[in-house]
Each structure stands twice: as structure tokens, then as C-alpha cells.
Protein chains: 2
Amino acid sequence: MPHEAQKAIARQSLLLRSLPDQHVDTLLRQAIWRQYDRGETIFLQEEEAKAVHVVLAGWVKLFRISPTGAEAVVSVFTRGESFGEAVALRNVPYPVSAEAVSPCEVMHIPSPVLLSLMKEDPEIGVSILAATFTHLHSLVAQLEQLKAQTGAQRVAEFLLNLCDCDSGQCEVELPYDKMLIAGRLGMKPESLSRAFSRLKPIGVRIDRNHAGIADMDVLRNYAESDPSEK
Amino acid sequence: MPHEAQKAIARQSLLLRSLPDQHVDTLLRQAIWRQYDRGETIFLQEEEAKAVHVVLAGWVKLFRISPTGAEAVVSVFTRGESFGEAVALRNVPYPVSAEAVSPCEVMHIPSPVLLSLMKEDPEIGVSILAATFTHLHSLVAQLEQLKAQTGAQRVAEFLLNLCDCDSGQCEVELPYDKMLIAGRLGMKPESLSRAFSRLKPIGVRIDRNHAGIADMDVLRNYAESDPSEK
DNA sequence: GCTAGGACATGACAATTGTCAAGTTTGAGT
DNA sequence: ACTCAAACTTGACAATTGTCATGTCCTAGC
């Protein structure tokens, strides 16, 4: 039972925004609208994909549990972002699990609905590819970060991506748990704490309540400088 | 001027093998067939994508140069594998560069050809999504490795994926430079050397000529065990 | 056959990160 | 207001990895 506001968010999502209104209406009409509590599972790794998911509110994490039991966070999505496109259209098992990390509203588009619409208009395929490419690109960026930057530099880049403004002093508010941030950046919570300590000398001040300020230019310079110069 | 053998390899690629023969013929007829020397660039990061690429022979690496100048290897492709699908169909710039790391034969399918065929048959879109999903999946697997495994464990998994057999003693042949393997696994060449040393006690013996043997079961057990137990 | 350069191995050392073990802070529930 | 658990910080220590330097092996080119 979606509100108009929720529909508006869905329409603005990368997945749907370039499609003709008529198709979007069709999809929204047949979508499933659900709420999730913090910690609730949306789907599990190896489960077969039956829908594409669009986050309308809150935060959702995608993660993998390795054979050793360690959790690796793959990505974290919020309002207007979608995931599971490539998997849903092929009836293959999810390579990751999805869990709400805050109270969430999520729209599910059943894959048969998407597939049948795609047969009518191949443009749908392009939209799905667009969303999938965005994910590919963000994974590639993450790989580069992990392979070529230190922990503190990854934190600096994470803060940069959080802010709307792109230069000068900026207010920052961490969107979720530091434990989750640590996972997302591929480190232990203790290392994240130390990374924040290292950023203090360059003017980053974020207290326990997860808010603070930082200078974007200084951060960018730090993130892009050679690790061996420090 | 493709040989029949090359065409056969192209037909077996993940990208084309599930398409009707008629479409494959159309694509092969309009494809561009090229050779590359070791070290030659196939395309550069930020360049606009004009084609999808299918490797017919040799090895191609995709990599990014970070702002600091460090190179991060994203993936390495060989015979029957394709790349650039999601980018080519959207006229966006490549997020990575591509370079031949051995003498190569590569087939290029111009994106307009693919796009126009896709309008006739949406099934093409599904094939492209299939290939794109494979890349997504492999990037996710790589992220998990980097975030949850030690260097030596990543090497063990790399060796596992090289072999056809899945248990017992196996012959292994490293497909390319150790420098490149190190990049692919997110470490320095020196660390790779040390990782190989650590695998010696569990029966992995690979000499300078890049060939040797290893026990798959022992390797799998090593790769999946908790790093802290060692 | 000789030579030069690149790939690779190894040792010593420094920097980074994980691990373990305290302590503090915070917030939800009583 | 009190309590408890979880999130977070910090310190000490160990393990891993990067860096630098050196030496060996292999190969392409002369």
C-alpha cells in the first residue's frame, strides 16, 4: 500500500527514471511494497532471485559470509538505489545476502514482470544494464581502493563521498554504525578508530554522536597522495 | 580475416553461446578481428566505449591507475571470455584500461551492431546481462578474498581455480607473470614470493619455470581455514 | 658464447593491520 | 535514575605486509 511519496522516490531511482511513464506505472502497480526492521534479512546468499529490489528509505547492506565465517560487506544501499537486477533476470542464486541495517522500506519488482515488459520494449534492458553497470563500476572502485590505498585514505574517500559539497569545510554525518563502515572499507573496527585518529591532525573531527566537520580539499589531497609520503 | 577456428572459439564464448546461430552469424560477420603484441594497449580508462571485446587467444588484463600512480589489476581474461559489455551499450567511458599481457587475438563487436540487433530480439539483452553478471560475481568474489583472506590464502585459491581437477595431486602451470599474479591478488611481488614459501610446507612446489604440482584438497582446506589458526 | 636487463627470491627493517584485553560511552529497557 | 549490552576507544603485542637493498636466474640480442 504505497504512499505517493514512496512512488515518487521509486520513479527517481536510476533503474526507473529513464523509462517512459507508462512502463513505470505498470511496474509500480505490480510491485510488492515491504518494510523491514533493523537486522531483518531481505534475502540470503544462494537463494534464487525472484525480484529486483529498490530501496525507498533506510539502509540495506549486501554481504558475503566466507567459508571461514568472516563477513565481507560488498555494498550498502539507500533511498533511490536498486540491487539484484542482473541476478533476478536470470534465475540464478544470489551471490550475496541482503540485510536491513536500519528500519527500511523496500519495493520489490518480481522478475517475471520485468522480463515480460522487456520483451515488449528492449529499452528496459538498457535501463537494467545501466543500473548493473553502476554496480560494476562501484565494485571496481572499491577494488582499487583496497589494493592501492591505506585504511586512513579509504576513510578519507568515504567521507568525501558522503558530502554534497566538493570543497571547503563541510558538515559530515556518518550514515550508519562504525562497525558497518569498517566492514564496508575492509578493516576491523579497531583499525577504523585508528584511521580516524590519523585524520584528526588534518582537521577531521567526528565525535561519538557520528557527526562533525572536515575540509574537503584537505581530505581529497590526503586520499590521493602517495601512502609512502606519510 | 578470421579463421574458422577463431570463429569457433567466439561461438563458444559465454556472450554468444546461448544466442541463435542466425544472430551469431550476423555478429561475427560485422566484427573486427585484431591481433595485439604483448604490452599493447587495447583501450584506455576514460576512453569512450565503441565495442564489446571477446578474447580468442592470449591474455588481457583490465586495470586502473589510481591518482597516486599505483596500478590495481581488476581482472585478467583469456580465450572465450568477453569484457566491456555493460559499457559499450551505454556510450560511457571505460572505468578501466585494457592491455595485452601476451600476444593476443581479440574480436571486437561494434556497439551499434549489438544495439540494433538487440532491438530485434531482446534475448540479446539477456545474454549481455549474463556476461555482465559473471563479471559482477567475480568482482564480488575478489572483494571477499581481499577483505577476508590472507595473501597466502588468496594464492591457494588462485591455484585451485587454475586446475581442472578438483581433488588430489594436480599439475599446475602459472598462466602469466608472477608480477601480474601479484597485482591480480592485490599484493606486491615480494609478498607473493613469501606466500609461495608458506605454501611449500603443505606440498606446493612451483619452480622458476612456472610449473609444478599441488594437492587440491590440502589447498582447499588451507584456503578455507581461519587465518588466525596459523 | 657473452652481456644486459628484467623477473624473481630473500634478508633486514619499518609501517600497517589484526588480535586481545582493558576501559568508556551510549542508549534502550526497567 | 539505574542497569546492562553493545558500540566504541585505546594500549600492548604479534603477525602481515610494504619497502629497500642485494643477489641469482633466465632470456633476448649482439
Gain in length, A:Ala8 to A:Thr68, computed as 0.36 nm per residue apart minus the alpha-carbon separation, to one decimal in nm?
-> 17.4 nm
Write down the accessible area per residue of the range A:14-54 in Å², having rolled a 1.4 Å probe over the full set of protein chains.
-> 60 Å²
Suppose R0 equals 30 Å; then what is the FRET efficiency for A:Glu40 and A:His137 from their Cβ-Cβ distance, rounded to the nearest 0.05?
-> 0.55
Which residue, A:Glu46, A:Glu120, A:Glu157, has the most motion in a Gaussian network model of chain A that connects Cα atoms within less than 10 Å?
-> A:Glu120
Along the axis that rotates chain A into chain B, which residue of chain A has the nearest beta-carbon, and what is the gap in whole Å?
-> A:Gly125, 2
What value, in deg cm²/dmol to 500, does the helix sum -39500 (n - 2.57) over DSSP H runs of n ≥ 4 give at 222 nm once divided by the residues of chain A?
-> -13000 deg cm²/dmol
Using only Cα atoms, locate the centre of the range A:111-138 and the centre of the range B:128-160, then give the distance between them in Å, rounded to an integer.
-> 24 Å
Label point 7 Å beyond Cα along the C-beta direction, distances from A:Leu174 to other copies (nm, shortest first) | 4.1
Phi to ³J(HN,Hα) by Karplus 6.51 cos²θ - 1.76 cosθ + 1.60 over the range A:110-125, Hz, x for Gly, Pro = x, 4, x, 4, 5, 5, 6, 5, 5, 5, 6, 9, x, 4, 4, x
So what is Rg over Rh here for chain A, counting just Cα atoms and using Kirkwood for Rh?
-> 1.00
From the cross-link list A:Lys147/A:Lys188; A:Lys178/A:Lys200; A:Lys147/B:Lys61; B:Lys50/B:Lys178, which pairs have alpha carbons spaced over 23 Å apart?
-> B:Lys50/B:Lys178
From the phi of every residue in the range B:147-152, what ³J(HN,Hα) in whole Hz does the Karplus formula 6.51 cos²θ - 1.76 cosθ + 1.60 yield, where θ is phi - 60° and glycine or proline is x?
-> 7, 10, 10, 7, x, 4
Of the accessible area of the range B:4-147, computed with a 1.4 Å probe and all protein chains kept, carbon and sulfur make up a percent value of 49 percent
Leaving ligands, DNA and RNA out of it, rank A:Arg34, A:Arg208, A:Arg17, A:Arg90 by accessible area with a 1.4 Å probe, largest first.
-> A:Arg208, A:Arg17, A:Arg34, A:Arg90
Label points 7 Å out from Cα along the Cβ direction at A:Ala211 and B:Ala211: separation in nm?
-> 6.7 nm
Could you list, bin by bin from short to long, the percent of Cα-Cα pairs of the range A:151-222 in 10 Å steps?
-> 21, 61, 18
Short version: ³J(HN,Hα) in whole Hz for each residue of the range B:91-107, in order, from phi by Karplus 6.51 cos²θ - 1.76 cosθ + 1.60 (θ = phi - 60°), x for Gly and Pro, what are they?
-> 6, 10, x, 4, x, 9, 9, 10, 9, 6, 9, 8, x, 9, 10, 10, 9
Computed on protein heavy atoms with a 1.4 Å probe, what is the summed buried accessible area for the chain pair A and B, in Å² to the nearest 100?
-> 4000 Å²
Residues listed by number, the range A:106-122, amide nitrogen under 19 Å from A:Ile32 label point at 7 Å toward C-beta | A:106-117
What are the label-to-label distances in nm, one decimal and shortest first, from B:Arg79 to the same spot in the other copies, with labels 7 Å along Cα to Cβ?
-> 5.3
What percentage of all Cα-Cα pairs in the protein assembly as shown are separated by more than 39 Å?
-> 25 percent
Post the alpha-carbon centroid distance, the range B:1-69 to the range A:65-99, in whole angstrom.
-> 28 Å
Quick one: net charge of A:Ser13's neighbours, Cβ under 12 Å, K/R +1, D/E -1?
-> +2
18 Å cut-off, amide nitrogen to a point 7 angstrom out along A:Ser18 Cα→Cβ, residues in the range B:129-146 = B:129-130, B:132-133
Other-chain or far-sequence residues with amide H under 5 Å of A:Leu56's (modelled H) = A:Gly80, A:Glu105, A:Val106, A:Met107
Measure off 7 Å from each Cα along the Cα-to-Cβ vector at B:Glu171 and A:Thr78, then give the distance between these two points in nanometres to one decimal.
-> 5.5 nm
Sorted shortest first, the nm distances from the B:Ser18 label point (7 Å along Cα→Cβ) to its counterparts in the other copies are 2.3
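The values are calculated or read from the model by the stated rules, or taken from the named source; none is laboratory data. All of these numbers come straight from a predicted model, not from anything done at the bench. Virtual Cβ from ideal backbone geometry, glycine too; neighbours counted across all protein chains shown. These accessible areas exclude ligands, DNA and RNA; they are computed on the full protein's heavy atoms, side chains included. Shrake-Rupley method; radii C 1.70, N 1.55, O 1.52, S 1.80 Å.
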